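A short worksheet on the structure shown next.
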Amino acid sequence: MICELCGKDITFCRKVTIEGVQLEVCSECAKFGVEAKKEEPKEQGPRPIDTQRLEFRERRGKPKDVYESGGKEELTDDYGVRIRNARSTRGMTLKDLAMKINERATVLSKVEAGQMTPDDKVVKKLEKELGIKLKEKVADVLAGKESKSASLSLADLIKMQKEKKQA
Ligand SMILES: [Zn+2]
């Protein structure tokens with residue numbers, strides 16, 4: 001038996017795939033390919049190392065994220081804006097609000113500016129005092145973002161095509 005890659009005389013050959021070609025090679029050359037056995041996806045050879053790991057990570061990441069986020073509520077990205085809007089519609093100053101919920105105005109100003117993440121206790125007080133929602137289910141937030149960006153890009157695309165036609 002001769003290694004199809006290096007030509008070395010071998011007693012035991014290994015079936016590997018190297019760049020899509022099945023070869024019977026020595027154990028040294030087997031390192032350059034993927035073992036034919038599919039049951040054990042060993043990470044060896046140039047093809048699978050990058051692509052397989054990436055695919056694996058993606059495949060593993062998506063369902064897990066969805067699963068973990070099920071029903072969990074998280075602070076919205078625009079919590080600061082929501083607080084400021086609700087506060088100003090009620091004609092409250094930062095100081096007024098701070099006094100009502102027993103927090104410091106400097107802290108609230110940072111929170112409104114999005115420079116500080118309020119802890120759960122503060123979030124609850126703000127939601128109660130201002131009658132707003134600062135937390136949303138993660139899945140909802142993500143879905144909202146996705147559809148928003150999708151419709152945006154679609155609108156942009158249509159706009160661009162219209163402009164192209166006019167030009
Ligand atoms: Zn060889």
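The values are calculated or read from the model by the stated rules, or taken from the named source; none is laboratory data. This is a predicted model, so every value here is computed, not measured. No Cβ is skipped: glycine too gets one built from the backbone with ideal geometry, and neighbour counts run over all protein chains shown.
Some observations on this one:
- Any hit, segment 68-80, residues being aromatic (F, W, Y) and at pLDDT below 90: no
- Residue in segment 22-32 that is in contact with a Lys or Arg (Cβ under 9 Å, 6 or more places away or on another chain), at pLDDT 90 or above, within 16 Å of the ligand (Cβ to nearest atom) and part of a loop (DSSP other than H, G, I, E, B) present: yes
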